[in-house]
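J.: Quick one: the structure is below, questions incoming.
The values are calculated or read from the model by the stated rules, or taken from the named source; none is laboratory data. In this text the structure is predicted, and so the values were computed from the model without any measurement. Every residue, glycine among them, receives a Cβ derived from its backbone with ideal geometry; neighbour counts consider all protein chains shown.
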C-alpha cells in the first residue's frame, strides 16, 4: 500500500473561488468540478448547516480532495476546511502552501501521514449529529467521482 500524505487547513470560502491553486491541484489529482460549484453549494446552506464534500478521480482511489462546508454559528469569516490526501505530495504541497499563504484568515497548515482526513471521509461515520445549544443538524457526506478516458468524462455522486 502506498504511503499517503494529508494536508489540510481552514480558510474563507471566497479564497477557493476561481483559485489558480485549486485548479492546479484538481489537474494534478485528475479531479473535475466546476469552479463555482463549491461556492454555490456553500451558499445553499443556512447557518448551522453544511455537509462534507469529497472529490475523487476514481471511486476506489485512496486519494481525494475534501471540503467541510459546515457553517458554524460563531464563524464570522465563512471558513471551510480544505484538505487533500495523496501519495505524491511534493507537487501538490506547493499549491497548498501558496493558497494558504495568500488567504486570510487561515488556520495552521497541517501536513501528516495520519488519517484525520481519511476518517473524516469515511462514509460509515455519516450521518453525523452536530449540536449547538438547542440546535441539531444532521451532517451528510457527498462523494463526487469522475472517470476520465480520452474522449469524455462522467461524474457520479454518492450521498449518505
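J.: Return yes when residue 38 is in a strand (DSSP E or B) and touching a strand residue (DSSP E or B) at 6+ places or on another chain (Cβ under 8 Å) and no when it is not.
T.: Against the criterion (in a strand (DSSP E or B) and touching a strand residue (DSSP E or B) at 6+ places or on another chain (Cβ under 8 Å)), residue 38 does not qualify.
J.: For segment 88-113, give me the residue count where each residue is loosely packed, with under 15 Cβ neighbours inside 10 Å and more than 25 Å from residue 75 (Cβ to Cβ).
T.: Result for segment 88-113: 5.
J.: State all residues of segment 48-65 that are surrounded by 14 or more Cβ atoms within 10 Å (Cβ to Cβ) and without any contact (Cβ under 8 Å) to a residue 60 or more places away in the chain; if no residue qualifies, say none.
T.: Listed by number, the residues that qualify are 61, 63, 64, 65.
J.: Also: Could you please let me know if residue 80 is in contact with a helix residue (DSSP H, G or I) (Cβ under 7 Å, 6 or more places away or on another chain), outside any strand (DSSP E or B) and within 15 Å of residue 10 (Cβ to Cβ)? Give the steps one after another, and end with the answer.
T.: Details: in contact with a helix residue (DSSP H, G or I) (Cβ under 7 Å, 6 or more places away or on another chain): yes; outside any strand (DSSP E or B): no; within 15 Å of residue 10 (Cβ to Cβ): yes.
Judged against the criteria, residue 80 is not a match.
J.: Within segment 12-27, restricting attention to residues that are out of contact with any strand residue (DSSP E or B) (no Cβ under 8 Å at 6 or more places or on another chain) and in a helix (DSSP H, G or I), which residue is farthest from residue 84 (Cα to Cα)? Outline the logic, then answer.
T.: We begin by selecting, within segment 12-27, every residue out of contact with any strand residue (DSSP E or B) (no Cβ under 8 Å at 6 or more places or on another chain); these are 14-15, 17-24, 27.
Then drop every residue that is not in a helix (DSSP H, G or I), which leaves 14-15, 20-24, 27.
Working: 14: 18, 15: 16, 20: 16, 21: 13, 22: 11, 23: 13, 24: 13, 27: 13 Å.
The qualifying residue farthest from residue 84 (Cα to Cα) is 14.
J.: Against the definition (part of a strand (DSSP E or B), under 17 Å from residue 81 (Cβ atoms) and modelled with pLDDT of 90 or more), how does residue 117 come out, yes or no? Full working, then the answer.
T.: Values: part of a strand (DSSP E or B): no; under 17 Å from residue 81 (Cβ atoms): yes; modelled with pLDDT of 90 or more: yes.
For residue 117, the condition - part of a strand (DSSP E or B), under 17 Å from residue 81 (Cβ atoms) and modelled with pLDDT of 90 or more - is not met.
J.: So residue 59 fits all but one of (1) modelled with pLDDT under 95; (2) over 18 Å from residue 106 (Cα atoms); (3) in a strand (DSSP E or B); what number is the exception?
T.: (3)
J.: For residue 33, indicate whether it is farther than 18 Å from residue 140 by Cα and surrounded by fewer than 21 Cβ atoms within 10 Å (Cβ to Cβ). Working first, answer last.
T.: Values: farther than 18 Å from residue 140 by Cα: yes; surrounded by fewer than 21 Cβ atoms within 10 Å (Cβ to Cβ): yes.
Criteria met by residue 33.
J.: So, in segment 13-29, how many residues would count as being free of Cβ contacts under 8 Å to residues at least 60 places away in the same chain and closer than 11 Å to residue 65 by Cβ?
T.: 1
J.: Using beta carbons and a limit of 9 Å, which pairs, at least six apart or on different chains, have the first residue in segment 115-133 and under 12 Å from residue 51 (Cβ atoms) and the second one exposed (fewer than 13 other Cβ atoms within 10 Å of the Cβ) and modelled with pLDDT of 90 or more?
T.: 126/138; 127/138; 128/138; 130/136; 130/138
J.: Confirm whether residue 9 is within 23 Å of residue 77 (Cβ to Cβ), touching a helix residue (DSSP H, G or I) at 6+ places or on another chain (Cβ under 7 Å) and assigned to a loop (DSSP other than H, G, I, E, B).
T.: No.
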